[in-house]
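The values are calculated or read from the model by the stated rules, or taken from the named source; none is laboratory data. Bear in mind that the values here come from a model prediction, so they are computed numbers and not experimental data. A quick note on method: Cβ atoms are made from the backbone with ideal geometry, for glycine too, and the neighbour counts reach across all protein chains shown.
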């Protein structure tokens, strides 16, 4: 995790003078252009000392957010909290039994499973949505795991890769064997590298590195071209070796994310505005949102001060969102922007600075799925906050239509399991229910200009939900039935209720699509 740098004392008086001007500008211009955001958590989940979100991900209709707390004696203990998307104000702690393991460094989804790494060198996997399993490889030492990313060699066979302190990169199968691969020239054992981010674009792996403190080194980014057969050879090529020409003024690669077949790279530093670049693997392009910040001037008045950190990224639908930190005094309302682009080089602000809350200094984590977007916000005064962007119904509709097709496929699989019943083909409604819940939640969380349409759609989805509940009850009774014929009859009845669920959902989506197109 990159620690945030407080502005030098020489600038403190300037920022205190312009804070009133800042609030006036926010109230007149930025607020009018902001999208709608709703706060779903505040006060550090009841512990004000939990100030910074370290990672966030959406998995199986739950939002997972990682933070940490300082224990007596100075050790840090990572914490994970989660909430269901359909009830995203009800958060509860759901941490692995890892003890004082520092901080969560990354959360990734690999082969439909959630993995979490920490600064104590551990990797944990979520099991069945109800427990955690330690899948830390048997690698030497207990060095920090900076970041993780899936990798697909050209010969096939996904592997999870992890970058450790040192710098070391290991790739393998959680619970199976791992292999160490070479790193870019000069990286092995480089003591100045204290931060690393690992991400994938297509079949290629990208590594971004930075130093420990501002100005301690210049950031770098490298691309690993995957060999035809994994582990036969590795070929690293530089994306930048001097932080895109800014040298040690920009110390970190703070975030990377794939969007529209490009990899976006966010930086952070001290002494110069941060930059955003994107690469397709062969060429890189400066896409820094300077038009939003007085041409990236360090001397503009708030809220036009150029960000010193583009620290979180998440793609959703036809946009990529970026969380920022602009120069501010701790606890003052100047930082914590969320901006977005549709890939055309034009950027817009999504929220008002700091979400309108004093003390919100930076957006340090973003999580997205199916058009839903959540932002984790650093607040050193009152504890971290979580905000949810309200999506437009038309944004979610493509995801909903795709989920409807998945519901039909899952129902067909369940139907094939009935004739004849097979122990290798269980009548499991959970996958179907998860997909339906995603559609149902979409209607609940979305907004539309046509309020009557949205209200009617929500009523119809409640009817569909009642049929699904009936199907689940019948399936549960079938599982308890000792008579195979009686059990099969109950499952057939359950399948009939699923058909009703699909029928109502399909009609609701068709009605919605037609209304939105008019």
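Taking region 249-274 as the region of interest, how many residues are over 16 Å from residue 322 (Cβ atoms) and either surrounded by fewer than 22 Cβ atoms within 10 Å (Cβ to Cβ) or within 15 Å of the chain's Cα centre (by Cα) (or both)?
5
I'd like to know if region 143-156 contains one or more residues that are surrounded by fewer than 16 Cβ atoms within 10 Å (Cβ to Cβ), touching a residue at least 40 places away in the same chain (Cβ under 8 Å), part of a strand (DSSP E or B) and assigned by TED's automatic domain parsing to the domain that holds residue 384.
No, region 143-156 contains no residue that is surrounded by fewer than 16 Cβ atoms within 10 Å (Cβ to Cβ), touching a residue at least 40 places away in the same chain (Cβ under 8 Å), part of a strand (DSSP E or B) and assigned by TED's automatic domain parsing to the domain that holds residue 384.
Could you go through region 163-178 and let me know if any residue there is more than 26 Å from residue 82 (Cβ to Cβ) and surrounded by fewer than 14 Cβ atoms within 10 Å (Cβ to Cβ). Spell out the reasoning first.
Initially, region 163-178 is screened for residues more than 26 Å from residue 82 (Cβ to Cβ), giving 164-172, 176-178.
From what is left, the residues that are surrounded by fewer than 14 Cβ atoms within 10 Å (Cβ to Cβ) are 176-177.
Within region 163-178 (the criterion being more than 26 Å from residue 82 (Cβ to Cβ) and surrounded by fewer than 14 Cβ atoms within 10 Å (Cβ to Cβ)), the answer is yes, since at least one residue qualifies.
Based on what the data block shows, is residue 376 touching a residue at least 12 places away in the same chain (Cβ under 8 Å), part of a loop (DSSP other than H, G, I, E, B) and in the same structural domain as residue 353 (by TED's automatic domain parsing)?
On the way: touching a residue at least 12 places away in the same chain (Cβ under 8 Å): yes; part of a loop (DSSP other than H, G, I, E, B): no; in the same structural domain as residue 353 (by TED's automatic domain parsing): yes.
Taking the combined requirement at face value, the residue does not satisfy it.
Among the candidates 114, 71, single out the residue that is touching a residue at least 12 places away in the same chain (Cβ under 8 Å) and under 16 Å from the mean Cα position of the chain (by Cα). Give the steps one after another, and end with the answer.
Working: 71 fails: under 16 Å from the mean Cα position of the chain (by Cα).
On inspection, the qualifying residue turns out to be 114.
Tell me which residues, restricted to region 358-373, are without any contact (Cβ under 8 Å) to a residue 40 or more places away in the chain and either outside the structural domain of residue 35 (by TED's automatic domain parsing) or part of a strand (DSSP E or B) (or both). Give the steps one after another, and end with the answer.
From region 358-373, those without any contact (Cβ under 8 Å) to a residue 40 or more places away in the chain are 358-360; that's our starting set.
Listed by number, the list holds a single entry, 360.
Among the residues of region 26-36, are any under 20 Å from the mean Cα position of the chain (by Cα) and at pLDDT 85 or above?
Residues of region 26-36 that are under 20 Å from the mean Cα position of the chain (by Cα), as a first pass: 35-36.
Narrowing the set further to residues that are at pLDDT 85 or above leaves 35-36.
Within region 26-36 (the criterion being under 20 Å from the mean Cα position of the chain (by Cα) and at pLDDT 85 or above), the answer is yes, since at least one residue qualifies.
Take the residues in region 379-402 that are out of contact with any helix residue (DSSP H, G or I) (no Cβ under 8 Å at 6 or more places or on another chain) and in a helix (DSSP H, G or I); name whichever of them is surrounded by the most Cβ atoms within 10 Å (Cβ to Cβ).
That would be 395.
Identify, by number, the condition in (1) under 30 Å from residue 357 (Cβ atoms); (2) out of contact with any helix residue (DSSP H, G or I) (no Cβ under 7 Å at 6 or more places or on another chain) that residue 37 doesn't meet.
(2)
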